[in-house]
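Chemist: This is the structure, below, for whatever I ask next.
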Amino acid sequence: MADFLLELRCEEIPARMQAGARADLEKLFRAEMEAAGVTPGEITVWSTPRRLALIARDLPQATEAVSEEAKGPPEDAPDAAIDGFCRKAGVARDQLEVRDVKGRNTYFAVIEKPGRTVRDVLAEAIPAIVRAFPWPKSMRWGEASISTESLRWVRPLSGIVAILDEELVACEVGGVASGFATMGHRFHRDGPITIGSAGDYAEKLRACHVIVDHEERQDLIRSAAAKAAADAGLALVEDEGLVIENAGLTEWPVPLLGRFDEAFLDVPPEVIQLTARVNQKYFVCEVPPRSGEDARLANAFVCTANIAAEDGGVAIVDGNRKVLAARLSDARFFWEQDRKVPLAEQAKKLERITFHEKLGTVADKVERVAKLARWLVEEGIVKPSLRHSREGGNPVSDNGGSALDPRLRGDDEDVAKLADPVRLADWAEQAARLAKADLVTEMVGEFPELQGLMGGYYARSQGLPDEVADAIRDHYKPVGQGDEVPTAPVTVAVSLADKLDTLVSFFEIGEFPTGSKDPFALRRAAIAILRLIEKNGIRAGLYEIIEQIAPERISDEKNNIYSGVFAFLVDRLKVQQREAGVRHDLIDAVFALGNEDDLVRLLARVNALQFFMESEDGANLLAAYKRASNILKKEDWHGAEGEIARTGEEDPLALVDDPDMKAVIDAKMRERHAKKLSYTPEPAEQSLIDALDSAEPRAQAAIEAEDFAAAMTALASLRAPIDRFFEEVTVNADEENKRCARLDLLARFRAAVHNVADFARIEG
């Protein structure tokens, strides 16, 4: 078995492309080997800014001889077709075999492929890999570049090392021939380095100031940058993306700490960090917090040099400090200029920015969001809880959740301020009207990532209430699945209004997400809406909220639009709950009840059902339900709903799922069973009747009180009576009156269970 080394050397490979290039190199190499019948052992791929390297272990010395067959045309096919097949297969006509295929003589070519040395296989594979490499961006160079057939590579290819054990794999790509020689560090080592084999490759390069293993460089940057900060009494602000990027920019990384003018700390810390990170690839540092204080940004940065300087990096740090100072000066200029213009004035410029050609300007959107945000507060849909716990006097949310503004834990003046619905509504509207104003500021123009955040800073500096500034800052949240979900009422109102307007507006103009495309991030908006509702325990029908979004602009088909938005949100909720570990069939069982758009109540019912179905009572009750349903289906018996259907010419099965008819059906069933039976029921039969008489009102009352655990407990009381009923009672009795009464009893049992969930959709 042999080890193979391949190094492809060129000018600077962008750091952002290196991870993909490593994966592509391994993928292409494996494909070439598999096509030749070679199975490599362990494969290691490394990258630096100037090279891609692959080491494949345990390659065989040669491939095995193989015999391949190719099916050709029928024996009576035209000569041209037969000759073409022979040329393609590389055989003479007299070498073809004739075989019967479904009663027709057909030519076959048997191609014997002798074994080859793996070195020859590699010599053919290397050019194929290089030419097939899928760089996101590539270039041609030199005189050959005038031809479209010339080699394309990310940067001009300058060297190839290809060694199998200690033997050269001779090949040539785009005028670059393979060899044993590579190059060391650009500044620390002049001249070529001779590589003997895959075994000494990494260490020979290390001796020439090149750490070829990208993960080793990342570890070095992580530890050395943290140490540089710690030696100065500071803490490094961790940034894993920056670690990977710096490792992709250096072959011999040397983290160095520098300082910038303290006066720049007047600029918001996020601006300083983004300026250092995006423009210069620097880490920033914090002053460790003292007792009772938060950490604060320090006037220090860590840059990663690509050289071990003789002066210890003094000149490098000084040069980087000057460059950073220029960048920070620009940022401070933007900060100062933007603060001179009130946000309300900035917001007027939004009239010149198109939100969507069919939806008007950003100013039009702001107007819709402001109205909806105010309505959400005025209607009490979004509000802080003012109910205090007896133990500590701190407010708790009405539904036991966390829908609580932190300031409600303050003194009575704070609580009174946030309890004023008119003031909250004013704040919500004001925040909504100013939330997008920072989009036209100089700072956000330079750093779009800071939208919202800078608006919050500007609002605070202009003396706006903290509640308004916080809402402007956080109204985009939650952005991703792991992002913080706002709970302050003003912020929740603006965030929810903004996302709902986006969702409904795009549905209105027919811009729906597809399986592969979601250009307006509507799925992300839907998930954010659901998380806001769930986290804050917002108790309102989604239809009621959706209908408030610019109803005057909606056509006669508005109900279809609203239904589409609601269905989309429900679908996202199902996906979200499945990912959280909730069984899909239980979700369907609750959602199948229909006519429910209070998502908090829906989720509470789903969670109670899941807990119940994990118990023995739940599993046994499900089995009994399915048995009862099968009997009723076989007998085509619909009970009270069937009787109503016969008089009203309705579909009996549809009535079961119609909430408006459930009360009528339940009353009808109780009326039928309240009548004195024409016979004396058997003990097990009477036991089930008594259990239903007790369980039905308890379950119904629990559902109305939204105590779904209690509703499940009421259902659990039916388990023993229904089991006994099936064991001791003959449903299809010979007497017609008994048979009808017992089928009615099973229909009543089924309807009682249906009031809690559609058990027909539960698996098991």
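The values are calculated or read from the model by the stated rules, or taken from the named source; none is laboratory data. What you see is a predicted model, and the numbers here were worked out from it, not measured in a lab. Because the Cβ atoms are built from the backbone with ideal geometry, glycine has one as well, and the counts that use them run over all protein chains shown.
Chemist: Being among the small types (Gly, Ala, Ser), more than 38 Å from the chain's Cα centre (by Cα) and over 30 Å from ASP58 (Cα atoms): is that true of GLY191 here? Full working, then the answer.
Modeler: Values: among the small types (Gly, Ala, Ser): yes; more than 38 Å from the chain's Cα centre (by Cα): yes; over 30 Å from ASP58 (Cα atoms): yes.
Here the answer is yes, as GLY191 does meet what is asked.
Chemist: Working only within segment 694-718, note down all residues that are free of Cβ contacts under 8 Å to residues at least 24 places away in the same chain and in contact with a Lys or Arg (Cβ under 9 Å, 6 or more places away or on another chain).
Modeler: Those that are free of Cβ contacts under 8 Å to residues at least 24 places away in the same chain and in contact with a Lys or Arg (Cβ under 9 Å, 6 or more places away or on another chain): ALA710, THR713, ALA714.
Chemist: Give segment 245-303 a look and list any residue that's in contact with a Lys or Arg (Cβ under 9 Å, 6 or more places away or on another chain), among the acidic types (Asp, Glu) and either assigned to a helix (DSSP H, G or I) or without any contact (Cβ under 8 Å) to a residue 12 or more places away in the chain (or both), or say none.
Modeler: Passing the criteria: GLU245, ASP266.
Chemist: What pairs can you find where one residue is in segment 564-579 and in contact (Cβ under 8 Å) with a residue 24 or more places away in the chain, the other is of a type in the set (Lys, Arg) and part of a helix (DSSP H, G or I), and their Cβ atoms are less than 6 Å apart, with a gap of 6+ or different chains?
Modeler: Listed pairs, sorted by first residue: none to list.
Chemist: Another question, then. Just the residues that are in a loop (DSSP other than H, G, I, E, B), over 20 Å from GLY115 (Cβ atoms) and touching a Lys or Arg at 6+ places or on another chain (Cβ under 8 Å), please, taken from segment 23-54.
Modeler: Within segment 23-54, GLU42, ARG50 qualify.
Chemist: Scanning segment 719-730 for residues that are touching a residue at least 40 places away in the same chain (Cβ under 8 Å) and closer than 15 Å to GLU682 by Cα, which turns out surrounded by the fewest Cβ atoms within 10 Å (Cβ to Cβ)?
Modeler: Among them, the one singled out is GLU727.
Chemist: Scanning segment 678-722 for residues that are under 22 Å from GLU736 (Cα atoms) and assigned to a helix (DSSP H, G or I), which turns out nearest to the chain's Cα centre (by Cα)?
Modeler: Kept after step one, since they are under 22 Å from GLU736 (Cα atoms), are these residues of segment 678-722: 678-689, 722.
Imposing the further condition that a residue be assigned to a helix (DSSP H, G or I) reduces the set to 683-689, 722.
Working: PRO683: 57, ALA684: 53, GLU685: 53, GLN686: 54, SER687: 52, LEU688: 49, ILE689: 50, ILE722: 45 Å.
If we take residues in segment 678-722 being under 22 Å from GLU736 (Cα atoms) and assigned to a helix (DSSP H, G or I), then ILE722 is nearest to the chain's Cα centre (by Cα).
Chemist: Out of LEU464, LEU496, report the one residue that is of a type in the set (A, V, I, L, M) and part of a helix (DSSP H, G or I).
Modeler: When all the criteria are applied, what remains is LEU496.
Chemist: List the helices (runs of 4 or more DSSP H) that sit entirely inside segment 525-631 and contain at least 1 residues that are among the acidic types (Asp, Glu) and within 26 Å of ALA760 (Cα to Cα).
Modeler: So the answer is 558-579, 584-591.
Chemist: Could you look through segment 266-302, keep only residues that are of a type in the set (Lys, Arg) and touching an Asp or Glu at 6+ places or on another chain (Cβ under 8 Å), and pick out the one that is surrounded by the fewest Cβ atoms within 10 Å (Cβ to Cβ)?
Modeler: It comes out as ARG296.
Chemist: Please count how many residues of segment 671-686 are surrounded by fewer than 16 Cβ atoms within 10 Å (Cβ to Cβ), modelled with pLDDT under 60 and closer than 17 Å to LEU718 by Cα.
Modeler: So the count comes out to 0.
Chemist: Here's something else I'd like to know. Within segment 731-749, count every residue that is without any contact (Cβ under 8 Å) to a residue 12 or more places away in the chain, part of a loop (DSSP other than H, G, I, E, B) and closer than 14 Å to GLU682 by Cα.
Modeler: Qualifying residue count, segment 731-749: 1.
Chemist: Looking at (1) at negative phi; (2) touching a residue at least 60 places away in the same chain (Cβ under 8 Å); (3) crowded, with 17+ Cβ neighbours inside 10 Å, can you tell me which one PHE187 breaks?
Modeler: Exception for PHE187: condition (3).
Chemist: Just to be sure before I move on: is SER158 surrounded by 12 or more Cβ atoms within 10 Å (Cβ to Cβ), over 30 Å from ASP200 (Cα atoms), under 43 Å from the mean Cα position of the chain (by Cα) and among the small types (Gly, Ala, Ser) in the structure I sent?
Modeler: No.
Chemist: Looking only at residues that are over 36 Å from the mean Cα position of the chain (by Cα) and of a type in the set (D, E, K, R) in segment 248-265, which one is surrounded by the fewest Cβ atoms within 10 Å (Cβ to Cβ)?
Modeler: GLU262
Chemist: Only residues in segment 340-359 that are free of Cβ contacts under 8 Å to residues at least 24 places away in the same chain count as the first member; pair them with residues that are surrounded by 16 or more Cβ atoms within 10 Å (Cβ to Cβ) and among the acidic types (Asp, Glu), Cβ under 7 angstrom, at least 6 apart or cross-chain, and list the lot.
Modeler: Note: pairs meeting the criteria are PHE355/ASP364.
Yes or no, residue by residue, for (1) under 31 Å from the mean Cα position of the chain (by Cα); (2) closer than 30 Å to ILE545 by Cα:
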site	(1), (2)
THR304	no, no
LEU328	no, no
ALA344	no, yes
ALA363	yes, yes
GLU378	no, yes
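Chemist: Something else about it: Can you pull out the residues in segment 604-617 that are surrounded by 21 or more Cβ atoms within 10 Å (Cβ to Cβ) and in contact (Cβ under 8 Å) with a residue 40 or more places away in the chain? Write out each step before concluding.
Modeler: Step one: list which residues in segment 604-617 are surrounded by 21 or more Cβ atoms within 10 Å (Cβ to Cβ), which gives 605-606, 608-609, 612-613.
Those that are surrounded by 21 or more Cβ atoms within 10 Å (Cβ to Cβ) and in contact (Cβ under 8 Å) with a residue 40 or more places away in the chain: ARG605, ALA608, LEU609, PHE612, MET613.
Chemist: Any residue in segment 71-93 that is of a type in the set (A, V, I, L, M, F, W, C) and in a strand (DSSP E or B)?
Modeler: Checked against the condition, which is being of a type in the set (A, V, I, L, M, F, W, C) and in a strand (DSSP E or B), segment 71-93 yields no hits at all.
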